[in-house]
Amino acid sequence: MRLYRLAELTLPGLAVGFIAGVLAGGLAGFVGQPVGWALVTGLALGIPLALLGAGYTMLLVQNKVRLGGFAPAALYWLIAFPAARLLHEVLTSWILGGSPSLPPDPLGFLAYQGIVSAGFSIGFLWLHERVAPQYWQRISGRNPRAREVYLRYAEHARILFEAKERRKAMRDQVRAARRRGGRPETPARGADRPPARPGKATAVKKAASPTP
């Protein structure tokens, strides 16, 4: 049951990756390719992308990558997307041509797919961030791990929202000071960050200070 619950958490990445492959197949059909060719393209790319998308979600669940971070997703797909495209080329040539074959210039092909992976990672992350938290919230009643991940997302979203509201409040204060003709106060560095807990040095300093 534990393995099933862990696999259940990866469905958002699995679905997003598969949708990306199916869209590629639909695009092939849209440009005039035969239906069978478009179907093979969609499945040959959608299945590897689905498995790799599930792998990214698993890393996220295991707290191996940062929530909502573009850099970890871009680094992951920099390796994963070219591998999926290479497998896609081999599978399509095998199914449609009768024998598996690599692209004419494998290194150049992988380099180009590495460049394309940046755009793919943006789309994947954007869709994943909108699908996964809602899905985890829905299954949190029967899956404790989903509840843990969803609470992490909720706390992350709360911190980002509060930081955004503080930046907005500081901008409003600056505009109000300018309208009054006064000199706006320069906000302290790190004012838009969540307040940190006082450390031991702060507590000792407060205790040692004389009481008026």
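The values are calculated or read from the model by the stated rules, or taken from the named source; none is laboratory data. All values reported here derive from a predicted model rather than from experimental measurement. All Cβ positions, glycine included, derive from the backbone under ideal geometry; neighbour counts span all protein chains shown.
From the list Trp77, Trp37, Trp126, which one is of a type outside the set (Gly, Ala, Ser), in a helix (DSSP H, G or I) and free of Cβ contacts under 8 Å to residues at least 24 places away in the same chain? On inspection, the qualifying residue turns out to be Trp126. Annotation note: of Gly21, Gly46, Gly53, Gly68, the sole residue that is crowded, with 18+ Cβ neighbours inside 10 Å, under 30 Å from Ile159 (Cβ atoms) and in contact (Cβ under 8 Å) with a residue 12 or more places away in the chain is Gly53. With respect to Gly141, determine if the residue is loosely packed, with under 11 Cβ neighbours inside 10 Å and either modelled with pLDDT of 80 or more or within 30 Å of Ala15 (Cα to Cα) (or both). Yes.
Inspect the range 108-115 for any residue being at negative phi, outside any loop (DSSP other than H, G, I, E, B), in contact (Cβ under 8 Å) with a residue 60 or more places away in the chain and surrounded by 13 or more Cβ atoms within 10 Å (Cβ to Cβ) and give the result as yes or no. Looking for residues that are at negative phi, outside any loop (DSSP other than H, G, I, E, B), in contact (Cβ under 8 Å) with a residue 60 or more places away in the chain and surrounded by 13 or more Cβ atoms within 10 Å (Cβ to Cβ), one finds none in the range 108-115, hence no. Here Gln62 clears all of (1) at pLDDT below 80; (2) more than 26 Å from Thr92 (Cβ to Cβ) except the condition numbered (1).
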